[in-house]
1. Every residue in the stretch 46-58 that is more than 15 Å from Trp8 (Cα to Cα) and open to solvent by less than 90 Å² (accessible area, probe 1.4 Å), please.
2. Has the stretch 8-16 got at least one residue that is among the basic types (Lys, Arg) and open to solvent by 50 Å² or more (accessible area, probe 1.4 Å)?
3. Out of everything in the stretch 25-45 that is open to solvent by 80 Å² or more (accessible area, probe 1.4 Å) and without any contact (Cβ under 8 Å) to a residue 12 or more places away in the chain, what residue ends up being nearest to Gly71 (Cα to Cα)?
4. Looking at (1) closer than 16 Å to Leu78 by Cβ; (2) in contact with a strand residue (DSSP E or B) (Cβ under 9 Å, 6 or more places away or on another chain); (3) in contact (Cβ under 8 Å) with a residue 24 or more places away in the chain, which one does Arg22 not meet, given that it meets all the others?
5. For Leu3, are the conditions met, namely being outside any strand (DSSP E or B) and modelled with pLDDT of 95 or more?
6. Of the residues that sit in the stretch 59-91 and are open to solvent by less than 60 Å² (accessible area, probe 1.4 Å) and either touching a residue at least 60 places away in the same chain (Cβ under 8 Å) or in contact with a His (Cβ under 6 Å, 6 or more places away or on another chain) (or both), which one is nearest to Glu44 (Cα to Cα)?
7. Please count how many residues of the stretch 1-19 are within 9 Å of the chain's Cα centre (by Cα) and either more than 23 Å from Gly76 (Cα to Cα) or not aliphatic (A, V, I, L, M) (or both).
Amino acid sequence: MNLIGTKWKPLILFHLLEGDLRSGILQKHIEGISNKMFTQTVRELEKDGLLTRKVYPVVPPKVEYGLTERGKSLEGILRSLDQWGLDDSKQ
């Protein structure tokens, strides 16, 4: 729980299950997250070995995030949480 037990971490990881995403696109998927919180959260996830950050040397800067093998190992948990949320919202 220490690795994914915040408001934003599971959402970011969930959106990366389908593949790598550019920073701006990933952030748009996470409704309500500020730039500062997004940056802080992805840095923590990278530090914990759950995601990778790839910076391309182009102008304007291009950054992509993806899951590591460790991050991918959370897929079952993340999908179960998503399904629980969908089921719970129907009640």
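1. The initial filter retains those residues of the stretch 46-58 that are more than 15 Å from Trp8 (Cα to Cα), namely 47, 49, 52-58.
Result: Gly49, Thr52, Val55, Tyr56, Val58.
2. Narrowing the stretch 8-16 to residues among the basic types (Lys, Arg): 9.
Adding the requirement that they be open to solvent by 50 Å² or more (accessible area, probe 1.4 Å) leaves none.
Checked against the condition, which is being among the basic types (Lys, Arg) and open to solvent by 50 Å² or more (accessible area, probe 1.4 Å), the stretch 8-16 yields no hits at all.
3. From the stretch 25-45, those open to solvent by 80 Å² or more (accessible area, probe 1.4 Å) are 25, 28-29, 31, 35-36, 40, 43; that's our starting set.
Subsequent filtering for residues that are without any contact (Cβ under 8 Å) to a residue 12 or more places away in the chain retains 25, 28, 31, 35-36, 40, 43.
Details: Ile25: 19, Lys28: 21, Glu31: 21, Asn35: 22, Lys36: 22, Gln40: 17, Arg43: 14 Å.
Here the answer is Arg43.
4. (1)
5. no
6. Of all residues in the stretch 59-91, those open to solvent by less than 60 Å² (accessible area, probe 1.4 Å) come to 62-68, 71, 74, 76, 78, 85.
The next check asks that each one be either touching a residue at least 60 places away in the same chain (Cβ under 8 Å) or in contact with a His (Cβ under 6 Å, 6 or more places away or on another chain) (or both); those that pass are 74, 78.
On the way: Leu74: 16, Leu78: 18 Å.
For the stretch 59-91, the residue satisfying everything is Leu74.
7. Here is the first cut: in the stretch 1-19, the residues within 9 Å of the chain's Cα centre (by Cα) are 8-17.
Cutting the leftovers down to either more than 23 Å from Gly76 (Cα to Cα) or not aliphatic (A, V, I, L, M) (or both) gives us 8-10, 14-15.
Qualifying residue count for the region: 5.
The values are calculated or read from the model by the stated rules, or taken from the named source; none is laboratory data. Since the structure is predicted, the reported quantities are computational estimates derived from the model, not experimental observations. Note: ideal-geometry Cβ built from the backbone for every residue, glycine included; neighbour counts use all protein chains shown. Calculation scope for accessible area: heavy atoms of the full protein, side chains included, ligands and nucleic acids excluded. Shrake-Rupley method; radii C 1.70, N 1.55, O 1.52, S 1.80 Å.
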